[in-house]
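Below you'll find the structure, written out as structure tokens, and then a few comments.
The values are calculated or read from the model by the stated rules, or taken from the named source; none is laboratory data. Being a predicted model, the structure only gives us computed values, none of them experimental. As a convention, Cβ positions derive from the backbone with ideal geometry for all residues, glycine included, and neighbour counts pool all protein chains shown.
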Amino acid sequence: MQAIQVDQAGGPEVLRYREVPTPTPGPGMVRVKVHAAGVNHREIWVRQGTVGGASYPYIPGSDAAGEIDALGDGVDGSLEAGLRVVINPGVFCGKCAACLAGDHPACAAYRLVEGTYAEHVIVPQSNVVPMPTGLTFAEAASIGVPFVTAEAAWQAAGVLPGQTVVVFGASGGLGTAAVQLGKLRGARVIAVTRRSTKVEALRKLHSDEVVVWDPARPLEGEIKDLTAGRGADVVLDSLGKASFGLSLTMVHRGGLVITVGATTGGQVDVNLAEIFRRRISVIGAFMGSAAILPRILPLFARGQLMPVIDHVYPLEQADQAHEQLERGDVVGKVVLEV
Ligand SMILES: [Zn+2]
């Protein structure tokens, strides 16, 4: 099969399009013929070597949609060749206390599916979810990681109808998911973007307010103005270095900051007094329970959620897809068509 393979850490040029052996599913596993694979920031960090654990060579990619084309021994009878599926990207042991509680990302064995930048990928049978009708493969492949992460973050924050939430990086894959899921929870969503060219797209997602962040202007004041001086209830921060200090000042006393990514860098300089004196909670969010994806997929079929795709590249142009995502020049997702 054709696949993108990485032999060493580096820039987008280490994503090599080449022929590799087509894998055969073992017991309890299914093989999915990939039609589209979503590109996530995490794959850039793994490629660069900033997120460790890669054993070379490897095929990147955790999100995909396609159809089952081979079954390992003992696979459940409800799954058959030809079934269109979305890959649920979290893999876990299923037996530990965290797994039994449904808190899969807390499982010591938790990892993401790897290998969707390819014509075929093998996943455990529990990692495929039937694909809703009315979605294209590219749309279905753009849901997994961002929507599961955003939904888990709002769930962890316990966001309530009428609360005000701020979403940094609102035009990215995670951001566009967070804006929509925040609205669905009844929150008032303030979307923050650094590019004025993205305002229209964020309005289309029904953001209550869209703030263009010019680092020369005090964003904190703008958020105070929009909240009658009080500050936000929750800030979702996926930028890290560029915004984390601001996030702490933007929530009201007793408010909550969720750190969910670090697209501008992970080393931040924080005055702890900001946190303890103002009784701010900071939580980290990474992925979520395996129950989330099957729960929210029907909302796409009903039009209550919308996959947002910026650009679709053919698989062999994975390097260009990574370059675009690294530039931050996206509204929504970048997807590979296989
Ligand atoms: Zn477990």
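Please verify whether the range 54-70 includes one or more residues that are of a type in the set (G, A, S) and over 29 Å from E323 (Cβ atoms). First the steps, then the outcome.
Residues of the range 54-70 of a type in the set (G, A, S): 54-55, 61-62, 64-66, 70.
The next check asks that each one be over 29 Å from E323 (Cβ atoms); those that pass are 70.
Within the range 54-70 (the criterion being of a type in the set (G, A, S) and over 29 Å from E323 (Cβ atoms)), the answer is yes, since at least one residue qualifies.
So is S207 over 30 Å from A97 (Cβ atoms), part of a loop (DSSP other than H, G, I, E, B), of a type in the set (S, T, N, Q) and over 18 Å from the mean Cα position of the chain (by Cα) or not?
Working: over 30 Å from A97 (Cβ atoms): yes; part of a loop (DSSP other than H, G, I, E, B): yes; of a type in the set (S, T, N, Q): yes; over 18 Å from the mean Cα position of the chain (by Cα): yes.
Yes; evaluated as a whole, the condition is true for this residue.
In the set S289, S281, which member is of a type in the set (S, T, Y), out of contact with any helix residue (DSSP H, G or I) (no Cβ under 8 Å at 6 or more places or on another chain) and at pLDDT 95 or above?
Values: S289 fails: out of contact with any helix residue (DSSP H, G or I) (no Cβ under 8 Å at 6 or more places or on another chain).
Testing whether each residue is of a type in the set (S, T, Y), out of contact with any helix residue (DSSP H, G or I) (no Cβ under 8 Å at 6 or more places or on another chain) and at pLDDT 95 or above leaves just S281.
Would you pick out the residues in the range 41-100 that are under 28 Å from D7 (Cβ atoms) and in contact with a Leu (Cβ under 6 Å, 6 or more places away or on another chain)?
Within the range 41-100, S62, P89 meet the criteria.
Can you name every residue in the range 272-291 that is in contact (Cβ under 8 Å) with a residue 24 or more places away in the chain and surrounded by fewer than 19 Cβ atoms within 10 Å (Cβ to Cβ)? Step through it out loud before you land on a result.
Initial filter on the range 272-291 (in contact (Cβ under 8 Å) with a residue 24 or more places away in the chain): 274-275, 278-291.
Selection gives E274, I275, R278, R279, S281, V282, I283, G284, F286, A291.
Okay, residues lined up against (1) buried (at least 24 other Cβ atoms within 10 Å of the Cβ); (2) touching a residue at least 60 places away in the same chain (Cβ under 8 Å); (3) of a type in the set (S, T, N, Q):
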| site | (1), (2), (3) |
| --- | --- |
| A108 | no, no, no |
| R111 | no, no, no |
| S126 | no, yes, yes |
| A141 | yes, yes, no |
| V189 | yes, no, no |
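Could you say whether any residue in the range 35-43 is within 16 Å of the ligand (Cβ to nearest atom), out of contact with any Lys or Arg (no Cβ under 8 Å at 6 or more places or on another chain) and over 22 Å from R295 (Cα atoms)?
Taking the range 35-43 and keeping what is within 16 Å of the ligand (Cβ to nearest atom), we get none.
No.
Which of (1) modelled with pLDDT under 95; (2) assigned by TED's automatic domain parsing to the domain that holds G61; (3) surrounded by fewer than 18 Cβ atoms within 10 Å (Cβ to Cβ) does A301 not meet, given it meets every other one?
A301 satisfies all of (1) modelled with pLDDT under 95; (2) assigned by TED's automatic domain parsing to the domain that holds G61; (3) surrounded by fewer than 18 Cβ atoms within 10 Å (Cβ to Cβ) except (2).
So which residues in the range 160-177 are among the hydrophobic types (A, V, I, L, M, F, W, C) and buried (at least 24 other Cβ atoms within 10 Å of the Cβ), if there are any at all? Even if it seems obvious, please write down each step before you answer.
First, pick out the residues of the range 160-177 that are among the hydrophobic types (A, V, I, L, M, F, W, C): 160, 165-168, 170, 174, 177.
Scanning the range 160-177 gives V165, V166, V167, F168, A170, L174, A177.
Hey, any hits in the range 272-283 for a residue that's of a type in the set (K, R) and assigned by TED's automatic domain parsing to the domain that holds G102? Walk me through it before giving the result.
The first filter runs over the range 272-283 and keeps only residues of a type in the set (K, R), leaving 277-279.
Imposing the further condition that a residue be assigned by TED's automatic domain parsing to the domain that holds G102 reduces the set to none.
Checked against the condition, which is being of a type in the set (K, R) and assigned by TED's automatic domain parsing to the domain that holds G102, the range 272-283 yields no hits at all.
Among the residues of the range 327-338, write down those that are on the phi < 0 side of the Ramachandran plot and crowded, with 16+ Cβ neighbours inside 10 Å.
V330, V331, K333, V334, V335, L336, E337, V338
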